[in-house]
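Working notes for the structure below.
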Amino acid sequence: MWQQIEDNKHKSIMLIFIMLAVLLVLGAAVGVCFLCFVNPPMADSFETLSPQELSAIYESMGFGMFFAFVAWAIMLIVAFCEGKNAVLSLNHANKIPDGANKVLENIVEEMTIASGLPKKPELYIIDSPMPNAFATGMNPENSAIAVTTGLLTTLDRDELQGVVAHEMAHIVNRDTMYMLFAAIMLGTVVWLADFVARVLFRSSAGSSRSSSKSSSSGGGGAAILIIMIVALVIMVIAPIVARILYFSISKKREYLADACAAQFTRYPQGLATALAKISGSPLMDKEADKISSAMYIVNPLSSLDERYDKPSKGRRFVRDGLFSTHPATVNRISVLEAMAGADFNAYNEAFKKVSGRRKPVLAKEELKGTKPLKIKKTADVLAGAVAGAVIASGGVEQKAKSPKEEKRARSREAMDTVWKANNFIFKECSCGTMLKFPQEYKGQEIACPHCKALIKVEE
């Protein structure tokens, strides 16, 4: 795994530097555009440009590059300091208090041990029916996993374990850090191009000055016209190139996270079933935050066909879209279901079998001498689920519930987690009714709606 992480690290750093170069070229184009609108040099060819005009062009390019770099640096500093909190805030995530969801906490503890993380990630919950989850944080020591209430109510324990393991893998592999770097770079490029476009095309003052000077020069300025066209082309192309680079970073990391999840849980089918449920859900939130949508295990802003497309006749694999943040979900599911083991070798073999490609999706170097991991048997999975349920219930083994009762219990537990995350006060009446009170009711006496007994609201 470490060889794959290093391989991804080097590729990510290279792509980030390429994105930085794209940003600087865009900055140079921005500087030239502003020069042309404020004080355009006039010449019929590049040879006839005066030394003063050439100097002004070079200075404007340098200023534009400096401006772009400073904008990126400011956004990067903000991300380092408040990146994790900003992402969680944008998605309206609330921290889950200790003991609020014992099943989820038990799963996270198991996966923390299995993944070798030095510290258990903080847990957050998003009050949304959309089944989804994401991880964030600049390093494994300061990381967080956010899950939606829809995820807790939709998935069973094995499926939830697969999703948590996938997000743990992103933290272990430092995907959260590199994706945040790339997202900041992309955001800077897009913001700068959009900002300049708005200024240039809405600034009538600059446009009028440019046209008046052009007319007074007797129709010259062919050289600067060419420069302007080139600069505007760069402004259009730069965001597209930055997006392609950003998406090229993210796709392979999803395959690696899936492989790691299979290794951590030794039960690839759990994640495969979870991905099928998430992708096929009609509750995907189209109003999800655009900046962080690519961080989710399945992009909520993608179409249903994009999330869970079927291979066309004669094809076993769906071609990933150029601007897709994730590999086609059906490809991910097919690979996981085809795994004969729970290690990276098994994942590579499954990938080659399903895709029909000779080249493995994970680095070959790390696979030499690795010990094969067998998939957990159904009996082991059931035993683990029972043990987790016993821990979650305080050590008391309970009678198995029907699927309907189980779903109702998960839904109730998910909503209780939301109440606790929002600091609601829980009080149990003598009649057995569990009541939830907002903090503003603290210190008051409220009658139970069932038995009418007075209950003092206190912590």
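So here's what we get for this one:
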quantity: Any pair with Cβ under 6 angstrom, 6 or more apart, that starts in region 61-90 at a residue that is under 14 Å from GLY187 (Cβ atoms) and ends at one that is at pLDDT below 80 and loosely packed, with under 13 Cβ neighbours inside 10 Å; calculated: none
quantity: Sole residue being buried (at least 18 other Cβ atoms within 10 Å of the Cβ) and either polar (S, T, N, Q) or over 20 Å from ALA274 (Cα atoms) (or both), chosen from ILE126, ILE96, ILE107, ILE113; calculated: ILE96
quantity: Single condition THR48 does not satisfy, out of (1) surrounded by 15 or more Cβ atoms within 10 Å (Cβ to Cβ); (2) at pLDDT below 85; (3) hydroxyl-bearing (Ser, Thr, Tyr); calculated: (1)
quantity: Region 338-379, residues that are modelled with pLDDT of 60 or more and outside any loop (DSSP other than H, G, I, E, B); calculated: PHE344, ASN345, ALA346, TYR347, ASN348, GLU349, ALA350, PHE351, LYS352, LYS353, VAL354, SER355
quantity: Complete set of residues in region 154-184 that are of a type in the set (Ser, Thr, Tyr) and within 25 Å of ALA79 (Cβ to Cβ); calculated: THR176, TYR178
quantity: Output for region 148-162, where each listed residue is touching a Pro at 6+ places or on another chain (Cβ under 9 Å) and buried (at least 21 other Cβ atoms within 10 Å of the Cβ); calculated: THR148, THR149, GLY150, LEU151, LEU152, THR154, LEU155, GLY162
quantity: Yes/no for THR433 being of a type in the set (Val, Ile, Thr), loosely packed, with under 15 Cβ neighbours inside 10 Å and at pLDDT 70 or above; calculated: yes
quantity: Cross-chain or 6+ apart pairs with Cβ under 7 Å, region 326-341 first and outside the structural domain of SER302 (by TED's automatic domain parsing), then among the basic types (Lys, Arg); calculated: none
quantity: Residue pairs meeting the criteria (Cβ under 7 Å; at least 6 apart or on separate chains; first in the same structural domain as LEU454 (by TED's automatic domain parsing), in region 429-440; second among the acidic types (Asp, Glu) and assigned to a strand (DSSP E or B)); calculated: MET434/GLU428
quantity: Pick from region 76-116, criterion touching an Asp or Glu at 6+ places or on another chain (Cβ under 9 Å) and part of a loop (DSSP other than H, G, I, E, B), ranking: nearest to ASP158 (Cα to Cα); calculated: ASN101
quantity: Subset of region 243-280 (residues that are of a type in the set (Phe, Trp, Tyr), farther than 14 Å from ALA294 by Cα and in a helix (DSSP H, G or I)); calculated: TYR255, PHE264
quantity: Filtered residue count, region 425-448, keeping only those that are in contact with a Leu (Cβ under 8 Å, 6 or more places away or on another chain) and in a loop (DSSP other than H, G, I, E, B); calculated: 2
quantity: Any hit, region 117-139, residues being free of Cβ contacts under 8 Å to residues at least 24 places away in the same chain and either at positive phi or touching a Lys or Arg at 6+ places or on another chain (Cβ under 8 Å) (or both); calculated: no
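The values are calculated or read from the model by the stated rules, or taken from the named source; none is laboratory data. From a predicted model like this one, the values you see are computed outputs, not experimental measurements. Cβ sites come from the backbone with ideal geometry, for glycine too, and all protein chains shown count toward neighbours.
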